[in-house]
Amino acid sequence: MTTATPRALRTPPARTGERTARLSPPAALPSLPSLTGLRWMAALLVFGLHVNNFGYFGGTGGRLMSWGFGAGATGVSFFFVLSGFVLTWSARPGDRALAFWRRRVARIFPVHLVTLAVALLMAHTLARQPRPTLKQAVANGLLLHSWWHPWWQTLNPVSWSLVCEAFFYAAFPLLILLLRRLGARGSTALGALSAAVVLVLAWSDAHHWWTYTLYSFPAARLPEFVLGAVTARLVLLGRWRGPGLEASLALALIGYFLVPQVTPGYPATMCTIIGFTLLIPAAAVADLNGLPSLWRHRRLVRLGELSFAFYMIHLLVLRAATHVLGTKPRFGVLAGLAVTTAAFTVSLALSWVLYEAVECPARRLLLRRRRASSPEPVPARRGAPAAARD
């Protein structure tokens, strides 16, 4: 899906490394559909990782799945960087912290609470499902459980990343204020510092300096969010100097396939952080300058709109399927493809239901009183141009 850009941005196509037009903050910023399409690809990596972990494939199929999706957990790192970029892109001067947090709650809590209810129902009705304590259930509901490592995988395991996002949201009003005061050079320095922190944390985690792994610890994931915010700020200021979309994608893929060479968990972040940090602004600049981008195809954009709901429901579908398929069934290639397709189809159908029946109407309901003053639009109706959303 191509998105028209304002005349001020309709400059002759340029390489991503060239200076882009400086965008005036009060102006209505153009949508970035390529980022929505890329969001779907990250969700797909996480789905593939979990299919691999559930052992749907044996033999050659299992080895291929491990090769292709063994590093799929890095898709969550992509979400963190993308979140920083999108929130900074959509931020407006004068926006109040309470209004921002209200929009964030409306964005993630409806789907979170519904999938939490599904997880609780499964825990109390299906055999071999761990039952949470009351404290664990409350911590999950309030998005606090990932701060205490023994609880990070309770109920709907993927919700640990929402705990990180909630922490990012809490810090964002201060971060955007800092970025606006730093300017381009200061923002670049902050980005370099954030990348260095990721590398140091990855090295220390690999050498077991910490009691628990840093993978799910919200504070340890903050530098990824900051990197996304920094790159968005540089694009807004017309000071982004990164490589083009193709080169950035190549770097991201190289980093992805380097992941098996490092200690599993947080250290994988250091393999992909540079590629992801370059890929996201490269896709944004491609949209702004009207350059070719596979990621803005209308079907990918539509799937990207469903990606949050898909991410939140797919692991519950895979867990429920163990009562039919067994634990790590190790099917042959054809049977493995069949059950993977079935799990994917059910997950995608449920994500559509969550998006259409929960995410969009709940968000409209929660934001209806301040819709006119909110700088972030309520989700558009199907068929309307899609912006990159967090």
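The values are calculated or read from the model by the stated rules, or taken from the named source; none is laboratory data. Please read all numbers here as calculations on a predicted model, not as lab measurements. Cβ atoms come from the backbone with ideal geometry, glycine included; neighbour counts cover every protein chain shown.
Could you figure out which of (1) more than 18 Å from Ile313 (Cα to Cα); (2) in contact with a His (Cβ under 8 Å, 6 or more places away or on another chain); (3) of a type in the set (A, V, I, L, M, F, W, C) isn't true of Trp152?
Among (1) more than 18 Å from Ile313 (Cα to Cα); (2) in contact with a His (Cβ under 8 Å, 6 or more places away or on another chain); (3) of a type in the set (A, V, I, L, M, F, W, C), Trp152 violates only (1).
Does Trp203 count as assigned to a helix (DSSP H, G or I) and either surrounded by fewer than 24 Cβ atoms within 10 Å (Cβ to Cβ) or without any contact (Cβ under 8 Å) to a residue 12 or more places away in the chain (or both)?
So Trp203 fits the description; yes.
Evaluate the following for Pro150: is it surrounded by fewer than 16 Cβ atoms within 10 Å (Cβ to Cβ), of a type outside the set (A, V, I, L, M) and not in a helix (DSSP H, G or I)?
no
Which residue pairs have Cβ atoms under 6 Å apart, sit 6 or more places apart or on different chains, and have a first residue in segment 207-234 that is closer than 12 Å to Ile280 by Cβ and a second that is among the aromatic types (Phe, Trp, Tyr) and modelled with pLDDT under 95?
Correct list of pairs: empty, since none qualify.
For the structure I just gave you, tell me whether Leu258 is modelled with pLDDT of 95 or more and more than 26 Å from Ser31 (Cβ to Cβ).
Yes, satisfied.
The rows are residues; the columns are (1) surrounded by fewer than 21 Cβ atoms within 10 Å (Cβ to Cβ); (2) closer than 15 Å to Phe54 by Cα.
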{"position": "Leu291", "(1), (2)": "yes, no"}
{"position": "Arg302", "(1), (2)": "yes, no"}
{"position": "Phe308", "(1), (2)": "no, no"}
{"position": "Leu315", "(1), (2)": "no, yes"}
{"position": "Ala320", "(1), (2)": "yes, yes"}
{"position": "Gly326", "(1), (2)": "yes, yes"}
{"position": "Pro329", "(1), (2)": "yes, yes"}
{"position": "Leu337", "(1), (2)": "yes, yes"}
{"position": "Thr345", "(1), (2)": "yes, no"}
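From Trp209, Trp240, grab the single residue that is over 18 Å from Trp89 (Cα atoms) and either of a type outside the set (S, T, N, Q) or in a helix (DSSP H, G or I) (or both).
Being over 18 Å from Trp89 (Cα atoms) and either of a type outside the set (S, T, N, Q) or in a helix (DSSP H, G or I) (or both) holds for just one of Trp209, Trp240, which is Trp209.
When you go through Thr188, Thr231 one by one, which is the residue that is of a type in the set (S, T, N, Q), buried (at least 16 other Cβ atoms within 10 Å of the Cβ), part of a helix (DSSP H, G or I) and touching a helix residue (DSSP H, G or I) at 6+ places or on another chain (Cβ under 6 Å)?
Thr231
With the checklist (1) surrounded by fewer than 17 Cβ atoms within 10 Å (Cβ to Cβ); (2) touching an Asp or Glu at 6+ places or on another chain (Cβ under 7 Å) in hand, flag the one item Arg296 doesn't pass.
Result: Arg296 passes all but (1).
Kindly evaluate Ser161 against the criterion of being buried (at least 21 other Cβ atoms within 10 Å of the Cβ), touching a residue at least 60 places away in the same chain (Cβ under 8 Å) and out of contact with any Pro (no Cβ under 8 Å at 6 or more places or on another chain).
The answer is yes for Ser161.
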